[in-house]
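S.K.: Just dropping this structure here.
The values are calculated or read from the model by the stated rules, or taken from the named source; none is laboratory data. Quantities reported herein were computed from a predicted structural model and do not represent experimental measurements. Positions of Cβ are generated from backbone atoms using ideal geometry, with glycine treated the same way; all protein chains shown enter the neighbour counts. For the accessible areas, the whole protein counts, side chains as well, though only heavy atoms, and no ligand, DNA or RNA atoms are used. Shrake-Rupley method; radii C 1.70, N 1.55, O 1.52, S 1.80 Å.
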Amino acid sequence: MTTAQRAPDPASYRGQHNLLDSFVLGGGRSGSLNALRSYFNENAATGRLYTGRGFDRLEGGGDLPHVRNGITSADVLALSYLSITHRLPDVAFDTMVTYADDIARLLAELAVDVDMYEASWRVYAPGSPAAELHALLRGCGGTNRWVTANKLLARKRPRLLPVYDSRVESLLGAPNSFWECLWSWFDGDPRRVDGLRSLRDEAGGIEDISLLRCLDVVLWMRASGSRIGTNDPGSAQRTSARAWRNPRKKQR
């Protein structure tokens, strides 16, 4: 096994893991539950409607058998549900025409029925099909479109690959590798999977949403400053992964 294929050292992400634990298992759990309920709310009379609630569900999802190994028009449209609107026609042409064969080949190497907490680190290691596909998608529709790439991957493999954007990056203190950070968090303690599953069950009506996507929603809602119980210990307004590394440092 090469150095790149070795499992990441969880100590490198201690601050992020502590923060994630607070959201899923600790004092921030109630805020996380409110975040899931708010984000997936379908009743305008009871609260804001988030377009992202339909990202995974549009036309049945991006991982259905007949579409799982290619980018479709529905996948590109779903990006707009998560605020990706810039040069979408270019994204569509590059993913569905220019690089369609390469994308299909790489997607075919990524399991559909495996969750991140079940997968080996080799799935995410540098040089893996997932890493190669991420690099390819970053160049679709422009240059270094890393957020677009993450969201497309999450649409195609919602159980295996996470949504990631600049807001969550900031909340987590810009970890060296988001995949390393989340994979090592899941790998470190089975209670974390149970905690996420419990949150999803209590939220109700989102049993079809992957645990990985539920975690993404919790992180994004907190990072965006949504009012989900801002007095709890995990409030994004007061707490970040940097604070966990240096708890005496006052946050702005």
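S.K.: Where residues in the stretch 162-191 are acidic (Asp, Glu) and not in a loop (DSSP other than H, G, I, E, B), which of them is most open to solvent (accessible area, probe 1.4 Å)? Even if it seems obvious, please write down each step before you answer.
M.R.: Quick first cut of the stretch 162-191, residues acidic (Asp, Glu) only: 165, 169, 180, 187, 189.
Filter once more, keeping what is not in a loop (DSSP other than H, G, I, E, B): 169, 180, 187.
Numbers: Glu169: 64, Glu180: 47, Asp187: 100 Å².
Here the residue is Asp187.
S.K.: All but one of (1) free of Cβ contacts under 8 Å to residues at least 12 places away in the same chain; (2) among the hydroxyl-bearing types (Ser, Thr, Tyr); (3) under 29 Å from Ser80 (Cβ atoms) hold for Tyr164, so report the exception by its number.
M.R.: All conditions are met except number (1).
S.K.: If you don't mind, there's one more thing I want to ask. Condition first: of a type outside the set (D, E, K, R), at pLDDT 95 or above and closer than 20 Å to Ser170 by Cβ. Now tell me which residues in the stretch 213-244 satisfy that. Spell out how you get there, then give the answer.
M.R.: From the stretch 213-244, those of a type outside the set (D, E, K, R) are 214-215, 217-221, 223-226, 228-231, 233-237, 239-241, 243-244; that's our starting set.
Adding the requirement that they be at pLDDT 95 or above leaves 214-215, 217-221, 223.
Within the stretch 213-244, Leu215, Val217, Val218, Leu219, Trp220, Met221, Ala223 qualify.
S.K.: If you don't mind, another one. Would you please list the contacts, defined by Cβ atoms under 7 Å and residues six or more apart or on different chains, that run from a residue in the stretch 77-99 that is of a type in the set (S, T, N, Q) to a residue that is modelled with pLDDT of 95 or more and not in a helix (DSSP H, G or I)?
M.R.: Pairs found: Thr95/Ile71; Thr95/Cys140.
S.K.: For the stretch 94-121, which positions are in contact with a helix residue (DSSP H, G or I) (Cβ under 7 Å, 6 or more places away or on another chain), surrounded by 15 or more Cβ atoms within 10 Å (Cβ to Cβ) and assigned to a helix (DSSP H, G or I)? Steps first, please.
M.R.: Within the stretch 94-121, the first condition is being in contact with a helix residue (DSSP H, G or I) (Cβ under 7 Å, 6 or more places away or on another chain), and the residues that meet it are 95, 99, 102-103, 106-107, 109-110, 115-117, 121.
Among the residues that remain, those that are also surrounded by 15 or more Cβ atoms within 10 Å (Cβ to Cβ) are: 95, 99, 103, 106-107, 110, 115-117, 121.
Selection gives Thr95, Ile103, Leu106, Leu107, Trp121.
S.K.: Here are some conditions: (1) touching a residue at least 40 places away in the same chain (Cβ under 8 Å); (2) over 17 Å from Ala100 (Cβ atoms); (3) charged (D, E, K, R); (4) in a helix (DSSP H, G or I). Arg159 meets all but one. Which one does it not meet?
M.R.: The number of the failed condition is (4).
S.K.: May I ask you to list pairs of residues, at least six apart or on different chains, whose Cβ atoms are under 6 Å apart, with the first in the stretch 44-70 being over 11 Å from Pro158 (Cα atoms) and in contact (Cβ under 8 Å) with a residue 40 or more places away in the chain and the second being assigned to a helix (DSSP H, G or I) and aromatic (Phe, Trp, Tyr)?
M.R.: The qualifying pairs are Gly52/Tyr81.
S.K.: Is there a residue in the stretch 17-33 that is modelled with pLDDT of 95 or more, touching a Phe, Trp or Tyr at 6+ places or on another chain (Cβ under 7 Å) and over 30 Å from Asp189 (Cα atoms)?
M.R.: no
S.K.: Spot the failing condition for Pro126; the list is (1) part of a helix (DSSP H, G or I); (2) farther than 23 Å from Arg192 by Cβ, and only one is missed.
M.R.: Checking Pro126 against (1) part of a helix (DSSP H, G or I); (2) farther than 23 Å from Arg192 by Cβ, the one that fails is (1).
S.K.: Looking only at the stretch 130-154, which residues are crowded, with 21+ Cβ neighbours inside 10 Å and not in a loop (DSSP other than H, G, I, E, B)?
M.R.: From the stretch 130-154, those crowded, with 21+ Cβ neighbours inside 10 Å are 130, 133, 137, 140-141, 145, 148-154; that's our starting set.
Across the stretch 130-154, the qualifying residues are Ala130, Leu133, Leu137, Thr148, Ala149, Asn150, Lys151, Leu152, Leu153, Ala154.
S.K.: Does the stretch 75-82 contain at least one residue that is open to solvent by 30 Å² or more (accessible area, probe 1.4 Å), out of contact with any Phe, Trp or Tyr (no Cβ under 8 Å at 6 or more places or on another chain) and within 23 Å of Ala223 (Cβ to Cβ)? Even if it seems obvious, please write down each step before you answer.
M.R.: First, the residues of the stretch 75-82 that are open to solvent by 30 Å² or more (accessible area, probe 1.4 Å): 77, 80-81.
Within this subset, residues satisfying the condition of being out of contact with any Phe, Trp or Tyr (no Cβ under 8 Å at 6 or more places or on another chain) are 77, 80.
Applying the additional criterion that residues be within 23 Å of Ala223 (Cβ to Cβ) yields 80.
The answer is yes; a qualifying residue exists.
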